[in-house]
Amino acid sequence: MFAVRRFIVLNRIWIAVALLALGFYLGFEVTWWLGWLPMLIAVLMVVAHFMVGPVTIMQRYIEEGDVEGAQKIIQRVKYPNLLYKPIRSAYYMLKANFSTMSDDLDSAEAELRKGLEMGGADKDFQGTALLQLGSIAYRKGNMKEASEHLRKAVQSGLPDADSSATAYLQLASIALQRRDFKGSKFYYGKAKAAKPKNEQIVEQLNEMKKYMARIPG
């Protein structure tokens, strides 16, 4: 079933051309009452090609861990500015994720900023994008920018407990580096209250707990 869907999604234009030809044939040779239907479907497929693109089938590749396959699919998008806004946001988020995986932080940052600049994205996307921008700035050593993005991410709202805990942990770490012990305790408490499930984040919480125990007051 997925193979059929993939074929249709990746060949919308050629299928649309064939449907247009069929529509004209039926219109001239049989009746336009029948010919208009394949022509309408062809128009809808062309619209879907440019406004939806192949982004919708990438979830399958990601679920199966086929990063290379997902990257090949996303590279087929030639005109991202024509994508429907929520789809466009997902497109830039995925591109940013792929760039982050390859340690191309500059490209990841650029893609995230593009996604945010487009507007129209839901709060989950905004929060997640800001969280990633904060994490990138943190990795680059720009703590001021990291702190700003992370605070905005929390204010915008994050989609799950793990994301919230990640943001608060990074804010706590930044506060520790600034020797803002009160702030670090505050953010650590927020991270703990988020009750993350991810093992790596829980481990980071436990590790930071050791530092919190050494802070006076």
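Some notes on this structure:
- Magnitude of the charge dipole, the chain, Cβ model with Lys/Arg +1 and Asp/Glu -1, debye to 20: 840
- Dividing the convex hull volume of the alpha carbon atoms of segment 62-182 by its residue count gives 108 Å³ per residue.
- In degrees, nearest ten, helix 32-51 long axis to first principal axis of the chain (Cα): 20
- Placing a pseudo-label 7 Å from each Cα along the Cα-to-Cβ vector at Ala18 and Met1 gives an inter-label distance of 2.2 nm.
- On the basis of the beta-carbon distance and an R0 of 25 Å, Ile41 and Lys78 show a calculated FRET efficiency of 0.65.
- With only the Cα atoms considered, segment 68-136 has a convex hull volume of 77 Å³ per residue.
- Two-site label geometry, Gln71 and Ala161: point separation in nm, points 7 Å out along Cα→Cβ: 3.4
- Between Asp124 and Glu207, the FRET efficiency estimated from the beta carbon spacing at R0 = 30 angstrom works out to 0.60.
- Relative to the longest principal axis of the Cα atoms of the chain, helix 199-214 runs at roughly 20 degrees.
- Contact order normalised by residue count of the chain, Cα under 8 Å, 6+ apart, percent: 10
- Computed [θ] at 222 nm, helices only, for the chain once each DSSP H run of length n ≥ 4 contributes -39500 (n - 2.57): -25500 deg cm²/dmol
- Relative intensity of segment 157-206 on a log10 scale, I(q)/I(0) at q = 0.26 Å⁻¹, equals -0.88, per a Debye sum over C-alpha point scatterers of equal strength in the absence of solvent.
- Projected label points at Glu199 and Ser102, each 7 Å from Cα along the beta carbon direction, are separated by 3.0 nanometres.
- Spatial extent of the chain: Rg and Dmax, with the Cα atoms as the point set, Å: 23.4, 88
- Filter on Lys152/Lys210; Lys185/Lys209; Lys85/Lys140; Lys144/Lys210; Lys95/Lys190 - keep pairs with C-alpha separation over 19 Å: Lys152/Lys210; Lys85/Lys140; Lys144/Lys210; Lys95/Lys190
- Compared with the dominant principal axis of the Cα atoms in the chain, helix 105-118 is inclined by about 60°.
- For segment 135-143, 3J(HN,Hα) per residue [Karplus equation, 6.51 cos²θ - 1.76 cosθ + 1.60, θ = phi - 60°, Hz, x = Gly/Pro]: 5, 5, 4, 4, 5, 7, x, 8, 5
- Dimensions (Å) - segment 122-217, Cα atoms, principal axes, largest first: 41, 28, 19
Each reported figure results from applying straightforward, stated rules to the coordinates on display, with no laboratory input. As the structure is a computational prediction, the values presented were derived from the model and not from experiment. Heads up, the Cβs are rebuilt from the backbone with ideal geometry, glycines too, and the neighbour counts pull from every protein chain shown.
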